[in-house]
Structures are given as structure tokens and as C-alpha cells.
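All remarks here apply to the structure that follows.
The values are calculated or read from the model by the stated rules, or taken from the named source; none is laboratory data. A quick note: this is a predicted structure, and the numbers were derived from the prediction, not measured. Virtual Cβ from ideal backbone geometry, glycine too; neighbours counted across all protein chains shown. Surface areas here come from the heavy atoms of the whole protein model, side chains and all, with no ligands, DNA or RNA. Shrake-Rupley method; radii C 1.70, N 1.55, O 1.52, S 1.80 Å.
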2 protein chains.
Amino acid sequence: MPRVAASTEKKITALLKRQALSVTESRKRILQYFLDQPGALSHGDIEKKVGTTFDRVTIYRTLQTFVDRGLIHTIPSADNAVRYALCKDECGDGHHRHEHIHFVCQQCHHTFCLDEVVTPVLKLPKGYSPRQVEVLVQGKCKDCTETAKK
Amino acid sequence: MPRVAASTEKKITALLKRQALSVTESRKRILQYFLDQPGALSHGDIEKKVGTTFDRVTIYRTLQTFVDRGLIHTIPSADNAVRYALCKDECGDGHHRHEHIHFVCQQCHHTFCLDEVVTPVLKLPKGYSPRQVEVLVQGKCKDCTETAKK
DNA sequence: GAATTTTTTGCAACTATGTTGCTATTTTGG
DNA sequence: CCAAAATAGCAACATAGTTGCAAAAAATTC
């Protein structure tokens, strides 16, 4: 019996229900995919993974729904491929609260949330009112640095 | 006689020549467009402006060339529309040096380089080596704040 | 300054990405 | 299990980005 899988399934269902979302196959699979890996995912990544099972349009709409409900957040990119990552509990229906920065590895091309690094407070020129600060760091990630040493 | 226009023309030609680029109509017009306004431009913006005169493909290639030669730099976005802005003199063929942050106005949707705001130095978790830091601030820009007051 | 070489452009065709309207299917709640 | 509501899939479309190739323009050479 797949005990672990069953418990993940429950967790996923709970997450969806908490946001008053219908529990559908596509939503479960896509959410599962996010939980199964540590990084951020683009629409393309998800389509490659489940594109034969679900329609492209369904994936677009699912991602949009997840963003709206505060399950995932978007991460800007320099390559026209917006990525999505799971939110922490503070986010919810219609609002996001994120203070962390994002890291893009130039070697493995994965994107990660660095939850422990808080976005800095910036002094802007007179007249500019900041509402949200997004920090995107490019470099070499932990895994790639470690495997390089071996 | 269009004295100003003529001097701009010379400036543009000089900019192109400095990077050992052929001086062509499309390159002049696109560079002109960047100089004529203070913000950042997306491929779409440029196509709207000069798309009847020049082919879409030419615009793509021109932008890529300008990036390669250090004339313009890319600005990541959260909406799958990478923007480009003029570089300062420190950039050149094959290398970019940018320490400034970018500001996206949520009202007028323009993107600006805030050259006077330097990207912060961040303390990253062990194992992560940063190579480049990109800061994207969203909020209300100077112009939109001022016009709102009236 | 004309001829030759080199570079760039435009076109066509194609792939990828993202959107919308509508109908069929699934999910939910009684 | 049934009716209502929500979601998924399909088709068609719109936009974005790429590649190869021949024609045109710019740079170079004499």
C-alpha cells in the first residue's frame, strides 16, 4: 500500500479545500508536482510533465487559479519564462505576502526561493513609492557548487 | 534646418560605430527611440512604433545585437515581456556592468532604471555564490505620484 | 568612386506561447 | 442519486520568437 502517497494525497486535497477549490485531477497533479521538487516551475515545465494528460489551457488556468488563491506565486525572469513556486501559509485568497528573494542557477537553470533571505529595504528617490520589491539573484546554487567540488 | 535632429543623428552614428556596428536605418531608428524616451522598451513597444517600416525579425535581431554589444540591457519582468534599456558607458562588447535597480510603475506600466539606487549586497546561505543581483521594485512612479496630487 | 566583399534585411515558414468562447464533463452539495 | 455549479477539453485564434535563404545595403579595397 502506498502509505506515503496516500498521505500526500490528503495533504493536497486539504490544501485545495482550504482555498475553497474543487478537487480535480489536474489541480491535484499539478500541486503534487510542486510539492515533489524544491524549485520553481514554469508553465513549460508542467506541460512537459503532465501535458499528455491535461490540456495546455487547463494548465494555464490552473496556474492562474493557484496564483489568485495564494497557493503559488510568480517569479519574474529575464528570459520570458515566468516561474511559479509554492507560497508559505501567510498567502491566501487574493493576497500575497512575500519577503524572500529568488535565486536562479546559471548552471542547472533551476530557480529557488531563498526563504531565509529577506528582501532589503531600499531608499528610493523622492516621488517613487515602492509597493513590492523583487530580488532576483543569479549565480551558482548549492547543489552545483557541491558537485563541482567532488 | 533640423539642427538638433542632425546632432542626435551624429550621436547615434557615433554610438553604433564605437561598437563596430554597421550604421543602418533600422539600428538608427531603434536607438533613436530609446534615446527619445526615459524608460525601458519591450520588443512589442518597438514593433508598434517602427513595425510598419522594419520587419519583426529585424527588430529581434537588432535588439539582440545591441544587448551583445553592451548598448542596451535586459530587464526581467513578471509578465513575460522582457524590456530593454540603454546602458551607461561602462558596458561594452560582451560585458555588462549594472548596479542599479529597476522600477515598474503599476499605474502607467512604464519601467525605469533608477541609476542612483545601487543594488544591495546580500548575505546568502552557505553554498550559494551570487554573480548578479537584479532588483525589481513595483509601485507608483514619480510622474504618476505628481499628477495624482493635482 | 566603382567594384567587391561583408553584413544586414526582409520574407517565408515554422515553433512556441498565451487567450477566448463554447460545449461536454466532472465536482459539489443537497 | 440528482440538479446546479464549476472545471476541462477542444477549436480557433492571437502573439511571441526562431531559422534559412536570397536580395539589398553598408563597408572595404583598390
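Values computed for the structure shown
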{"read-out": "Some residue of the range B:104-121 being within 16 Å of DNA strand C (Cβ to nearest atom) and either part of a loop (DSSP other than H, G, I, E, B) or open to solvent by less than 30 Å² (accessible area, probe 1.4 Å) (or both)", "value": "yes"}
{"read-out": "Every residue from the range A:125-141 that is surrounded by 17 or more Cβ atoms within 10 Å (Cβ to Cβ) and either more than 19 Å from residue B:77 (Cα to Cα) or among the hydroxyl-bearing types (Ser, Thr, Tyr) (or both)", "value": "A:128, A:140, A:141"}
{"read-out": "Hits in the range A:102-117 (condition: more than 9 Å from chain B (Cβ to nearest Cβ), out of contact with any Cys (no Cβ under 7 Å at 6 or more places or on another chain) and under 15 Å from residue A:133 (Cβ atoms))", "value": "A:113"}
{"read-out": "Count of residues meeting criterion [open to solvent by less than 70 Å² (accessible area, probe 1.4 Å) and within 15 Å of residue A:136 (Cβ to Cβ)] in the range A:80-103", "value": "10"}
{"read-out": "Given (1) within 13 Å of DNA strand D (Cβ to nearest atom); (2) touching a helix residue (DSSP H, G or I) at 6+ places or on another chain (Cβ under 8 Å); (3) not polar (S, T, N, Q), index of the condition residue B:50 fails", "value": "(1)"}
{"read-out": "Selection from the range B:30-79 of residues that are away from chain A (no Cβ under 14 Å), more than 12 Å from DNA strand C (Cβ to nearest atom), surrounded by fewer than 19 Cβ atoms within 10 Å (Cβ to Cβ) and in a loop (DSSP other than H, G, I, E, B)", "value": "B:37"}
{"read-out": "Pairs, first over 26 Å from residue B:101 (Cα atoms) in the range B:34-62, second within 9 Å of DNA strand C (Cβ to nearest atom) and among the small types (Gly, Ala, Ser), C-beta under 6 Å, six or more apart", "value": "B:54/B:26; B:58/B:26"}
{"read-out": "Positions within the range B:63-76 being within 16 Å of residue B:44 (Cα to Cα) and either among the basic types (Lys, Arg) or touching a residue at least 40 places away in the same chain (Cβ under 8 Å) (or both), in sequence order", "value": "B:75, B:76"}
{"read-out": "Given (1) under 18 Å from residue A:19 (Cα atoms); (2) out of contact with any strand residue (DSSP E or B) (no Cβ under 9 Å at 6 or more places or on another chain), number of the condition residue A:72 does not satisfy", "value": "(2)"}
{"read-out": "Per-region count, the range A:80-89, residues part of a loop (DSSP other than H, G, I, E, B) and either under 17 Å from residue B:80 (Cβ atoms) or facing another protein chain (nearest Cβ under 7 Å) (or both)", "value": "3"}
{"read-out": "Qualifying residue in the range B:90-101 (condition: in contact with a Pro (Cβ under 8 Å, 6 or more places away or on another chain) and facing chain A (nearest Cβ under 9 Å))", "value": "no"}
{"read-out": "Long-range neighbours under 7 Å by Cβ, at least six apart or interchain, first residue within 21 Å of residue A:30 (Cβ to Cβ) within the range A:86-104, second open to solvent by less than 80 Å² (accessible area, probe 1.4 Å) and among the polar types (S, T, N, Q)", "value": "A:93/A:19; A:102/A:111"}
